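Working notes for the structure below.
The values are calculated or read from the model by the stated rules, or taken from the named source; none is laboratory data. Computed from a predicted model, the values in this text were never measured in an experiment. Positions of Cβ are backbone-derived with ideal geometry, glycine not excepted, and every protein chain shown enters the neighbour counts.
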Amino acid sequence: MARQKVIEGGASGGGAGSIPPDPPLGQFNPDDERFDDELRPQKLNEVVGQRKVVGRLKIVLDATLKRKEALGHILFDGPPGLGKTTLAMTLAREMGTECQITSGPSLMAPKDLLSYLTNASYGSVLFIDEIHRLPPAVEEFIYPVMEDFRVDIVLGEGLNARTINMKLKPFTIIGATTRSGMLTAPLRDRFVFREHLDFYDVTDLTEIVRRNARKLRTEIADDAAGLIADRSRGTPRKANNLLRWTRDFATVHEATGNITRPIADDALAMLEVDSLGLEAQDRRYLTTLVNVFSGGPAGVAAIGHTMNIPPDTLEDEVEPFMLRLGFIQRTPRGRTITAAGLRHLGLTPPTDEGGDRQPRLF
Ligand SMILES: Nc1ncnc2c1ncn2[C@@H]1O[C@H](COP(=O)(O)OP(=O)(O)OP(=O)(O)O)[C@@H](O)[C@H]1O
Ligand SMILES: [Mg+2]
C-alpha cells in the first residue's frame, strides 16, 4: 500500500479578521505534532473502542477498495479529543491515498478552497477540520463539489457575468466538527456517512493507556493504567496527557521510572485532577455558576466572560462532560447546576434541605 502523504495548508493561520494565508500546497510537514502524533493509531485495527463506528467504516472501506472507487464523503462529529482527526487520517492511510488537510476558519473565500480541489487526485482525501466554521460563501461553493465533483466559477459581474463549470476528479471530503448542530442541513446532507463519536468507557481507555505506555517505553501497573483511564473523562486525548504527566512524575520520583499505583495517585493529586477527572477549570465553571449566578440559569457567554474564558472553549471542552455527568442542564434560558453538580462541590442542594433555594456550604 502506498505511503500516505499528508499535505497541510492554512489550518493554523487565518483566524477571523486576519488576511487569509495562501495554502502552502505541496508542502509536506511530517513534524507537525497535530498530525503525526506518536500516540495516534496509524491503522483502523489499532483504533481502540468506537466499535460500531469502526465496524461500519471497515465495511465502507473494504467495499470502496474492492470497487477501486473514491470513498463517500464522511462527517465525524463529537467532543474534542475523541478521535475525529485520528479516524480521518487512518482512513486515508488505509486507502493508500494522499490526504490534504485544512480547516473551516482558514477557508475564508471560495478561492482558498480552489487550489485544494484542483490538487485532489482520484480517490484522495481532503480533511476539513472545524467544518461548522466554513463561511456561507465557501459552503455554497462546496455543494456542487460534493455532489457532482464540479466547481462553478463566476467570472465578471452583472450582465457580463459568466459561469464556468470545471470537472474535478472524484475524491473524498472528510469533515470534522465538535458542533454538528451548527452545520446547515444542506451541508450535513451532502455527507454520505455521518458518524457521531461518543465518550469512551474505562475499559477502552485503560487499553489505550496500556498501549501508549508501551509506545512511550514506560512500564505501567494495571491498577495505575486503570486509575488514569478513570480520570480521563472518557477522552483518549486526556488519557494521553495524563499518561505523559504521570510518566514525567515517575521519572522524577521513582528510581525505575515505572508508573505504580501510588505514583499515579500522587501525580494526579498534584495536577488537581479530582475523583471524576474534573480539573481546576471544570470546578471553577461549577463554582462560578453557583457563586455568581446563584446556580443558574446563566448564558454560556456570561459565564465565559466572568471566568475570562472564551464561551466556545466552555461549550467544547467543559460542558459536554458536565452534561454527561448530569452536573448541569442546558435550558432555553441558560445553564443550571443540578443537585449532583452541587453535591460534587460539597454543597447541599436545596431539595436535600426541604425547599431552601440557596445552595449552602456544608
Ligand atoms: N480510538 C482511539 N484509540 C486510540 N487512541 C485514540 C483514539 N482516539 C483518539 N486517540 C488518541 O487521542 C488523541 C486525540 O485524538 P484526535 O486528535 O483524533 O481527536 P479529535 O476528535 O480530532 O479532537 P479535536 O476535536 O480537538 O480535533 C490522538 O492523538 C490519539 O493519540
Ligand atoms: Mg481533530
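For segment 305-323, which positions are outside any helix (DSSP H, G or I) and not polar (S, T, N, Q)? Result: Ile309, Pro310.
Table: residues versus (1) among the aromatic types (Phe, Trp, Tyr); (2) under 23 Å from Thr348 (Cα atoms); (3) more than 25 Å from the chain's Cα centre (by Cα).
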position	(1), (2), (3)
Phe293	yes, yes, yes
Val300	no, no, no
Ile303	no, yes, no
Ile309	no, no, no
Pro320	no, no, no
Gly326	no, yes, no
Thr331	no, yes, no
Gly334	no, yes, no
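State yes or no: is Asp129 acidic (Asp, Glu) and within 27 Å of Arg51 (Cβ to Cβ)? For Asp129, the condition - acidic (Asp, Glu) and within 27 Å of Arg51 (Cβ to Cβ) - is met.
Checking each residue of segment 188-196 against the condition of being assigned to a strand (DSSP E or B), closer than 19 Å to Val53 by Cα and away from ligand 2 (no atom under 16 Å from the Cβ) gives at least one match.
One residue stands out in segment 206-222 among those that are free of Cβ contacts under 8 Å to residues at least 40 places away in the same chain and assigned to a helix (DSSP H, G or I): the one that is farthest from Gly72 (Cα to Cα), namely Asp222. For segment 324-339, a residue qualifies if it is outside any strand (DSSP E or B) and closer than 14 Å to Leu289 by Cα, and the qualifying residues are Phe327, Arg333, Thr338, Ala339. A Cβ distance below 9 Å, combined with a sequence gap of six or more or placement on separate chains, defines the contacts here; from segment 119-131, residues that are under 14 Å from Ile142 (Cα atoms) and modelled with pLDDT of 95 or more reach residues that are within 11 Å of ligand 2 (Cβ to nearest atom) and part of a helix (DSSP H, G or I) in the pairs Phe127/Thr85; Phe127/Ala88; Phe127/Met89. Among residues of segment 305-318 that are among the acidic types (Asp, Glu), those with a Cβ under 8 angstrom from a residue that is part of a loop (DSSP other than H, G, I, E, B), sequence gap 6+ or separate chain, pair up as Glu315/Arg179; Asp316/Pro79; Asp316/Pro80; Asp316/Thr178; Asp316/Arg179; Glu317/Pro79; Glu317/Pro80.
Quick grid of which residues meet (1) of a type outside the set (Asp, Glu); (2) more than 16 Å from Ile337 (Cβ to Cβ):
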residue	(1), (2)
Ser232	yes, yes
Lys238	yes, yes
Leu242	yes, yes
Thr246	yes, yes
Asp265	no, yes
Ala269	yes, yes
Ser275	yes, yes
Val300	yes, no
Asn308	yes, yes
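Results for (1) surrounded by 15 or more Cβ atoms within 10 Å (Cβ to Cβ); (2) assigned to a loop (DSSP other than H, G, I, E, B); (3) touching a Lys or Arg at 6+ places or on another chain (Cβ under 8 Å); (4) modelled with pLDDT under 95, shown as yes or no for each residue.
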residue	(1), (2), (3), (4)
Gly226	yes, no, no, no
Asn240	yes, no, no, no
Trp245	yes, no, no, no
Asp248	no, no, no, no
Ala255	no, yes, no, yes
Ile263	yes, no, no, no
Asp266	yes, no, no, no
Thr288	yes, no, no, no
Ile303	yes, no, yes, no
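Scan segment 140-180 for residues that are under 32 Å from the mean Cα position of the chain (by Cα) and without any contact (Cβ under 8 Å) to a residue 12 or more places away in the chain and the total you get is 3. Cβ separations smaller than 7 Å between residues 6+ apart or across chains give the following pairs from segment 249-267 residues that are on the phi > 0 side of the Ramachandran plot and touching a residue at least 24 places away in the same chain (Cβ under 8 Å) to residues that are of a type in the set (A, V, I, L, M, F, W, C) and surrounded by 15 or more Cβ atoms within 10 Å (Cβ to Cβ): Gly257/Ala250. One residue is enough: does segment 320-331 have a residue meeting the conditions at pLDDT 95 or above, among the basic types (Lys, Arg) and under 24 Å from Asn241 (Cα atoms)? There is no residue in segment 320-331 that is at pLDDT 95 or above, among the basic types (Lys, Arg) and under 24 Å from Asn241 (Cα atoms). Looking only at residues of segment 228-238 that are assigned to a loop (DSSP other than H, G, I, E, B) and more than 17 Å from Asp265 (Cα to Cα), we find that the one that is farthest from the chain's Cα centre (by Cα) is Gly234.
Restricting Glu157, Glu130, Glu140 to residues that are surrounded by 11 or more Cβ atoms within 10 Å (Cβ to Cβ) and over 26 Å from Thr97 (Cα atoms) narrows the list to Glu140. Of all residues in segment 91-101, one or more are touching an Asp or Glu at 6+ places or on another chain (Cβ under 7 Å), at pLDDT 95 or above and either crowded, with 21+ Cβ neighbours inside 10 Å or not assigned by TED's automatic domain parsing to the domain that holds Leu71 (or both). The selection criterion, being in a loop (DSSP other than H, G, I, E, B), surrounded by 20 or more Cβ atoms within 10 Å (Cβ to Cβ) and within 14 Å of ligand 2 (Cβ to nearest atom), holds for Leu82.
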